[in-house]
Structure formats: C-alpha cells, structure tokens
C-alpha cells in the first residue's frame, strides 16, 4: 500500500484540510449570491453540516485512528480497510452536496460515522482499554449528532440539536484530550530546555474544569435558552482559564508548534465565556460566540494537532518552519476577524470575507505544505 494508507492521520488530515479550505469559499459564495447546493441542506445548514461532519469529522478520525494503537498496543487501521473508510467519508460529502433526497443522502452520509464507531469500539474492547472508553462514547455521540441534523430537516428532531450536540462533543474532546497533551508536551519541552518551573500536575482545578466544561457543553446542547446554561458556560470558561494558566504557556512563546496548543485551549475558554455572556446579557452576538468555538478553538486546535502529529508520526523533527508559522497566524487572524465581524456594522461583509479567506488559506496552506509529508514515505 502507498504511504498515504499506512496510518489514519495521513489521508484524513490531508482531506480535512483540503475540504475546509474549499468549503469556506463555497459557503461565502452561497452567502453573498443567495445560491445553494443541490443536496438536502439549504445554504447555512450545509455550511454547518459540512464543517462539523465533513472537515471536523475527518480530523477527529485521523487523530483517533492514530492514537488508538498507542492506547491499546494493537496494530493501526491501514491498507484496504482504511481506504474503505476514506471512501465512505467521500461518499458522505458527495451525498450532502448533490443528493437532494434527505433519506438517501442520510443513508450514505451516516455509513461513515457508523463504520468509524464500530472500528473504535472494536479496538477499545479488544485491547481492554477502558480508560479511553469515554473517547469512544463521544465519537459515537458525534455520529448520533449527524443523524439528528438530518432528522431536523425532516421535522423529526428539535432545531439545532444535532449541530449543538456535535459542538458539545468537540468542546469536551478538546477539554479532555487537549488537557492531556498540552501540559505533557509543555513539560517535556521545558525539561529538555533545563527549566525547573514546570506545568502543574493534574489536580483539583483540572477535575473541576473538565467537569464544568462537559456539564456546560451538554447543558448548552440540550437547553440552549436556559439561564442556568449561561451561568454554567461562564463558570466553565473561568475554570478552563485557571487550568490553562497553570501550564506555563508563556514560556513556550519561542516554540510556535507548542505555543499554538496553548492558544487553541485559550480559545476554548474564550468561547465558553462568550457563549455564557451571549445567553445571559445579549452583549455578544451568538454568531460571534459560536465562531470563537468553531473558527477559534476547533480551527486552531485541529491545525496544531495536525501539524505536530504529521511531523512526529513520519519521523520528522517537531519544529514549525515558516510555512507552518504562517498557517498558525492565518488561522488565528481569520478566527479573530470572524468573531469581530458581527461588531463591524457596515463593514460586516468585508470583515466576514477577509476572515473566511484567511481561515481557509490556513488549511489550504497546510494541504500544500504537508502533502509531501502525508503522501510520502517516513523520514529516515
């Protein structure tokens, strides 16, 4: 098999970046022209569905399929089974864009999360890796959220429940897995540099932040209009910031590929705070708060993980070159502009377009810069 099918991160990181880089310009064209795709979702719903269950699902799949062998000690999914999973993902994107019959599109699109959940649960059960069963549960819930979004279009499920559940799962995964890798990688780097002030060990603040983030995210998915949800969001945001400040992020400023992980986690805390303030006071437009989570936290953290994992798992030095730094700057600038767009007044369209262009450029640059790494052999 060619190298692209050796590990899950190779095809899915490349496809996720390419799709994100193309889907945002497609959405901006639909927004400004009033046109739409011929699939089962109208313009805005297509944008939400494909950024969640297209781009984000591909990133999550690449990460999970690569992490599971480390968790279970079993061989990775590769070769023809991996090619089949990629084919199901591609079929889902075609269905959502070009097949107008919702049930037919749903059957094609939902085959991918069903196959992924089966593969993950098989590995967790076979390897008796109960510690990471919560991750398998969240990936399964993400697939359920996909089905709920189709149900909304058919009038079977409440409006917005599917996308909110998917975003709640994404936020919980960032809080959980990001909370493992950010302080761990930071500690290793600081020890290598001979520093003695290290990230705080996992303790009460971490437990409170994790519990608060999961509870607030699930509450927002189920009860988005509740004032209690708004209060939980603000509390979770403050706890996430308290957790982040204990990880010595300032010491990593000169190491972009490490600092960007702290930035991504910081976006998550900002998103929770903005969502809470939006619900309780209305001072922040909901679209700004949502894009702090999507364009900010999810966009930054996925690129941070994609660049680092692509280099590390292909035997290359984990250092950000100029192109990689440009990727981080572009996704950050794009996210900031997208969050600020609702405050721009008459310049809304300009700020929106510039933010979308920068954000999508970050992913297209990743696809261009990392294609030789993902498609080529492991470094020797």
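Values as computed for the structure displayed
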{"item": "Pairwise centroid distance, computed over Cα atoms, of the stretch 201-245 with the stretch 104-139, Å", "result": "26 Å"}
{"item": "Diffusion constant of the stretch 171-380 at 25 °C, which comes from Stokes-Einstein with the Kirkwood Cα-pair radius and 0.890 mPa s, µm²/s", "result": "137 µm²/s"}
{"item": "Relative contact order %, the stretch 171-380, counting alpha carbon pairs below 8 Å whose residues are six or more apart", "result": "18 percent"}
{"item": "Normalised contact order of the stretch 1-159, rounded percent, pairs of Cα under 8 Å and 6 or more residues apart", "result": "25 percent"}
{"item": "Residue-span extension gain [residue 144 to residue 188] - 0.36 nm each, minus C-alpha spacing", "result": "12.1 nm"}
{"item": "Residues 152, 123, 317, 50 arranged by fewest to most Cβ contacts within 10 Å", "result": "317, 152, 123, 50"}
{"item": "Semi-axis lengths (Å, descending) of the ellipsoid that matches the C-alpha gyration tensor of the stretch 58-143", "result": "26, 14, 9"}
{"item": "Relative contact order (percent, whole number), the chain, Cα cutoff 8 Å, 6+ residue spacing", "result": "17 percent"}
{"item": "Anisotropy class of the stretch 325-368 from Cα gyration tensor, a/c 1.5 cut", "result": "prolate"}
{"item": "Gyration tensor (alpha-carbon) shape descriptor, the stretch 111-177, a/c threshold 1.5", "result": "oblate"}
{"item": "Calculated [θ] (222 nm, deg cm²/dmol) that DSSP helices of n ≥ 4 give over the chain, each run adding -39,500 (n - 2.57)", "result": "-24500 deg cm²/dmol"}
{"item": "Proxy reagent accessibility, fewest Cβ within 10 Å first, across 184, 33, 360, 78", "result": "33, 184, 78, 360"}
{"item": "Kirkwood hydrodynamic radius of the stretch 249-367, Cα pairs, Å", "result": "14.7 Å"}
{"item": "Two-site label geometry, residue 242 and residue 103: point separation in nm, points 7 Å out along Cα→Cβ", "result": "5.2 nm"}
{"item": "Span from the the stretch 311-345 Cα centroid across to the the stretch 38-75 one, whole angstrom", "result": "19 Å"}
{"item": "Answer label for semi-axes √(5λ) of the Cα gyration tensor in Å (calculated), chosen among [x] 54, 19, 17; [y] 41, 27, 24; [z] 28, 26, 22", "result": "[z]"}
{"item": "Cα gyration tensor shape of the stretch 1-159, rounded if a/c is under 1.5, else prolate or oblate by comparing a/b with b/c", "result": "prolate"}
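All of the numbers you see were taken from the coordinates with simple rules; none came from a lab. Nothing here was measured: the structure is a model prediction, and the numbers come from that model. Methodologically, a virtual Cβ is constructed for each residue, glycine included, from the backbone with ideal geometry; neighbour enumeration extends over all protein chains shown.
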